[in-house]
Amino acid sequence: MSDERRKFTRESAQQRKRTLIEATLELVAEKGVQGATVRGIADRAQVTQGLIRHYFSSKEELITAAFEHHMTQMTDLTFAPVADVKGSARDQLRVFVQSSLMPPVVDPRSIALWAGFLNKVQHDAQMKETHAKTYVQFRDRLENLIRAALEEAGRETEPARLYQLATACNALIDGLWMEGGALPEAFAPGELSQIGLTSVGAIIGLSLEP
């Protein structure tokens with residue numbers, strides 16, 4: 001039995017799918033969705049094309065799974081530091097904004113992946129649905145942080161207004177994130193996160209300065 005066969009005999013189905021997804025992400029980052037062929041993915045993962053077909057009914061299904069994995073991973077990476085905050089709700093929101101606009105979240109590879117997936121999102125219903133789901137999950141978690149910070153400051157805010165604030169703050173952070181990943185040399189260390197803190201604070205009317 002070859003080393004490849006032994007490797008995949010030991011791995012669980014979940015681990016095998018994860019390996020294929022990671023190989024797909026590598027190729028999308030390098031060559032875009034069109035350049036991530038089934039043959040190329042199989043070569044990168046060091047498996048046969050038949051193994052890919054065993055776990056995914058089509059290249060489109062694998063691409064969608066890779067996209068969802070990447071977006072979920074980015075959300076988890078962004079919110080992870082918030083869970084470690086022992087201070088106030090305002091502190092949690094501040095740490096969220098900072099982590100959103102610093103490495104490892106701000107990363108050229110993540111921008112390359114987003115650019116690679118973007119056209120597919122516009123023309124594939126399943127990709128668009130996945131994008132909508134992950135976007136709403138992220139925005140809702142941000143909205144919860146904003147609500148808690150404003151309530152802590154004694155400001156009750158209507159749900160419709162909270163939705164608007166979260167949408168605006170999310171759009172601001174997305175824009176800074178894209179520029180920071182595309183042009184990392186254009187910003188001094190910590191500059192993006194400082195701009196984010198000042199701007200998000202201005203949008204919600206609450207200073208987030210340490």
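Please compute the contact order of segment 1-123 in relative form: average sequence separation of alpha-carbon pairs under 8 Å and at least six residues apart, divided by the residue count, as a percent. Don't skip to the answer; put the middle values down first.
Numbers: 86 pairs, mean separation 35.8, N = 123.
This gives 29 percent for segment 1-123.
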Given the candidates Thr75, Ala149, Val105, the one whose Cα lies deepest towards the positive end of the charge dipole of segment 51-165, counting +1 at each Lys or Arg C-beta and -1 at each Asp or Glu C-beta, is Val105
Taking the chain as the reference, fit the longest principal axis to its C-alpha atoms, fit the long axis of helix 108-123 to the helix C-alpha atoms, and give the angle between the two in degrees, 0 to 90, nearest 10.
-> 80 degrees
Normalised contact order of segment 76-210, rounded percent, pairs of Cα under 8 Å and 6 or more residues apart = 35 percent
Probe 1.4 Å, protein heavy atoms only - accessible area per residue of the chain in square angstrom | 53 Å²
Considering the dipole of segment 102-210 built from charges on the beta carbon (Lys and Arg +1, Asp and Glu -1) around the Cα centre, which of Ala171, Val136, Asn119 is farthest to its positive end?
-> Asn119
Charge tally for neighbours of Val106 with beta carbon under 15 Å away, counting Lys, Arg as +1 and Asp, Glu as -1, is -4
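Explain nothing, just the number: dipole magnitude of the chain about its Cα centre with +1 on each Lys and Arg Cβ and -1 on each Asp and Glu Cβ, in debye rounded to the nearest 20. Don't skip to the answer; put the middle values down first.
Details: 24 positive and 27 negative charges, 165 e Å.
I would put it at about 800 debye.
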Tell me, in nm to one decimal, what length is gained between Glu129 and Glu209 on full extension, where the rule is 0.36 nm per residue of separation less the Cα-Cα distance?
-> 25.2 nm
Mind pulling the angle between the C-alpha long axis of helix 159-182 and the longest principal axis of the chain? Nearest 10 degrees, somewhere in 0 to 90.
-> 60 degrees
Could you tell me which trypsin sites (Lys or Arg not before Pro) in segment 73-126 are loop residues by DSSP with no more than 14 other beta carbons within 10 angstrom of their beta carbon?
-> Lys86
Residue-averaged [θ]222 nm for the chain, counting only DSSP H segments that reach four residues, each worth -39500 (n - 2.57) = -26000 deg cm²/dmol
Return the carbon/sulfur percentage of the accessible area of the chain, one whole number, probe 1.4 Å, all protein chains in place.
-> 52 percent
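The values are calculated or read from the model by the stated rules, or taken from the named source; none is laboratory data. Quick caveat, the model's predicted, so the values are computed rather than measured. All Cβ positions, glycine included, derive from the backbone under ideal geometry; neighbour counts span all protein chains shown. Ligands, DNA and RNA are excluded from the accessible area calculation, which covers all protein heavy atoms including side chains. Shrake-Rupley method; radii C 1.70, N 1.55, O 1.52, S 1.80 Å.
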